[in-house]
Amino acid sequence: MAELNTLQERINQTRKQRGFVTDPLKIQILLTEEVGEISAELKRLWSKNYEAFSKERIANEIADTFVLLTALANEFEIDLESAVEAKFFQADSKRKWATAKADS
């Protein structure tokens, strides 16, 4: 499996080759649409009005969302690996999470 920064660069290059949009506002709209498609697939878990939930379909929607989120990061020259490390693993590790499971 590729490291995150390698994957981020591959996504950037492939999107350029395919001529995909680079305007951050348009990327955000596409990202919002893909998040909605994740929701639509999750609705299949409980609603009898739709065909059965599909792990393959939700995997595709999550992948689309990840690609667009990566594209947005690329437009602002954000290294996702560094950003996640700094925010989630470092800064957030110092916070007290009221919703976290209490230590037993």
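General remarks:
- Boolean, Ser47 is part of a helix (DSSP H, G or I) and of a type in the set (Ser, Thr, Tyr): no
- The test for being exposed (fewer than 12 other Cβ atoms within 10 Å of the Cβ), under 18 Å from Gln8 (Cα atoms) and at pLDDT 95 or above does not hold for Glu56.
- Residues that are out of contact with any helix residue (DSSP H, G or I) (no Cβ under 8 Å at 6 or more places or on another chain) and of a type in the set (A, V, I, L, M, F, W, C), drawn from the stretch 1-37: Met1, Leu25, Ile29
- Subset of the stretch 72-104 [in a helix (DSSP H, G or I) and under 16 Å from Thr6 (Cβ atoms)]: Ala73, Asn74, Leu80, Glu81, Ser82, Ala83, Val84, Glu85
- Residue count for the stretch 1-20, restricted to those that are surrounded by 14 or more Cβ atoms within 10 Å (Cβ to Cβ) and in a loop (DSSP other than H, G, I, E, B): 1
- Of all the numbered requirements in (1) in contact with a helix residue (DSSP H, G or I) (Cβ under 7 Å, 6 or more places away or on another chain); (2) assigned to a helix (DSSP H, G or I), Ala40 misses one, and that requirement is (1).
- Single match in Leu42, Leu80, Leu25 (criterion: touching a residue at least 24 places away in the same chain (Cβ under 8 Å) and among the aliphatic types (A, V, I, L, M)): Leu80
- The one condition from (1) surrounded by 11 or more Cβ atoms within 10 Å (Cβ to Cβ); (2) part of a helix (DSSP H, G or I) that Leu25 does not meet is (1).
- Exactly one residue among Glu51, Glu37, Glu77, Glu61 is of a type in the set (Asp, Glu), loosely packed, with under 15 Cβ neighbours inside 10 Å and on the phi < 0 side of the Ramachandran plot, and that residue is Glu51.
Results for (1) aliphatic (A, V, I, L, M); (2) under 26 Å from Asn12 (Cβ atoms), shown as yes or no for each residue.
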site: Ser39; (1), (2): no, no
site: Asn60; (1), (2): no, yes
site: Asp64; (1), (2): no, yes
site: Leu68; (1), (2): yes, yes
site: Glu75; (1), (2): no, yes
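The values are calculated or read from the model by the stated rules, or taken from the named source; none is laboratory data. Fair warning: this is a prediction, and the values are worked out from it, not measured in the lab. Quick reminder, even Gly has a Cβ in these numbers, built from the backbone with ideal geometry, and neighbours come from all protein chains shown.
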